[in-house]
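Worksheet for the structure shown next.
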Amino acid sequence: MKNLDPKITEIAKNFMIFVESVRNKFQTANPLEHLTSQMKDLGSASITEGWNKAAKIWPAIESPDNYFITMYTLLEHLRQMRKREKWLSLGAGPALYEIWLSQLTDIDFYATDISPEMCKLSENIQKGTTIANIPGKKVKKVRTFTMPMEKLGFRDGFFDQIISINALQWVPEWKKAIKEMRRVVKIDGQGYLYLITTAYPIEARNELGEKKVIADISHEAIMDELEINRFEIIFFRAILVKFGQLGIPASRYFIKAQLNLKNLESWRIRKSKLSVTLA
Ligand SMILES: C[S@@+](CC[C@H](N)C(=O)[O-])C[C@H]1O[C@@H](n2cnc3c(N)ncnc32)[C@H](O)[C@@H]1O
């Protein structure tokens, strides 16, 4: 990768020490088989079941380059405005980003996920980890909540900011999830939303071997839906990674949006240029 900011790179590299220490505990002989066996049926209960199984090895499936470039992108763009802000994470999985970011800041993260096993995994990682470079320093707690992002158990306007990394594309009713983001974000706060999603619809096979699209999602459709829910697109970028999950190339989008109830200008009118990061 070219033109990286050395200060941000150093922090992202420290994050990678933490990630590697977790990944080492989750290596498996055949991760591909494990991953592809997880989504047999496409009902929403079995999608959860699939993620419960994936929780056994998830940190080892996500690639180091994906972890690095995701953390780098977050560090470049996240802005904490007030002390002790409450941040919601949707589809947090093991919540490695959230655990690390909460050591650097005083943000209170609420990590939510539909899979109870993913939440348990995050709890176990937090119990069993000391922060790299600071032996004995206890990990600050990230609270975990098992709930679907389409129906969140938080009151209106509870959160200052929201992140969701690599999860929205797995939600058939992703438009409902965006409505929920709008509902739970504070209207008198900064109202930032940081999303990373894949750049293509996710497909899985049902028991007859037929392919079905889980969520037909594109970055344009997401950005239009965000605007319908009064989130203005501040910035978006493609992230292309040569060695993604299981060594397969990955293409994702990063979208930063902000609640704007007054004079939202559409990204389609502004014709913002798409930037690209290659890793
Ligand atoms: C690809 S993993 C990403 C995990 C984590 N954000 C990361 O980047 O390492 C997707 C996560 O989304 C969760 N998920 C899937 N559908 C969901 C839903 N409807 N509501 C909440 N979480 C969901 C899964 O359980 C899984 O942990």
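Just give me the residues in region 81-90 being in contact with a strand residue (DSSP E or B) (Cβ under 8 Å, 6 or more places away or on another chain) and surrounded by fewer than 24 Cβ atoms within 10 Å (Cβ to Cβ), in sequence order.
To start, the set of residues in region 81-90 that are in contact with a strand residue (DSSP E or B) (Cβ under 8 Å, 6 or more places away or on another chain) comprises 84-90.
Those that are in contact with a strand residue (DSSP E or B) (Cβ under 8 Å, 6 or more places away or on another chain) and surrounded by fewer than 24 Cβ atoms within 10 Å (Cβ to Cβ): Arg84, Glu85, Lys86, Trp87.
Screening Arg84, Arg79 for residues that are away from the ligand (no atom under 14 Å from the Cβ), in a loop (DSSP other than H, G, I, E, B) and at positive phi leaves exactly one candidate, Arg84.
Of the residues making up region 163-173, those that are surrounded by fewer than 22 Cβ atoms within 10 Å (Cβ to Cβ) and farther than 16 Å from Trp58 by Cβ are Pro172, Glu173. Quick one: in region 89-121, which of the residues that are within 9 Å of the ligand (Cβ to nearest atom) and polar (S, T, N, Q) is farthest from Thr70 (Cα to Cα)? Among residues in region 89-121 that are within 9 Å of the ligand (Cβ to nearest atom) and polar (S, T, N, Q), the one farthest from Thr70 (Cα to Cα) is Ser115. Just one of the listed residues (Ala250, Ala238, Ala257) is surrounded by 15 or more Cβ atoms within 10 Å (Cβ to Cβ), at pLDDT 80 or above, within 18 Å of the chain's Cα centre (by Cα) and closer than 23 Å to Ala60 by Cβ, namely Ala250.
Picking from residues in region 171-214 that are within 23 Å of Thr112 (Cβ to Cβ), of a type in the set (Gly, Ala, Ser) and more than 16 Å from the chain's Cα centre (by Cα), the one that is farthest from the ligand (Cβ to nearest atom) is Gly189.
The values are calculated or read from the model by the stated rules, or taken from the named source; none is laboratory data. All values derive from a computational prediction rather than experimental measurement. Heads up, the Cβs are rebuilt from the backbone with ideal geometry, glycines too, and the neighbour counts pull from every protein chain shown.
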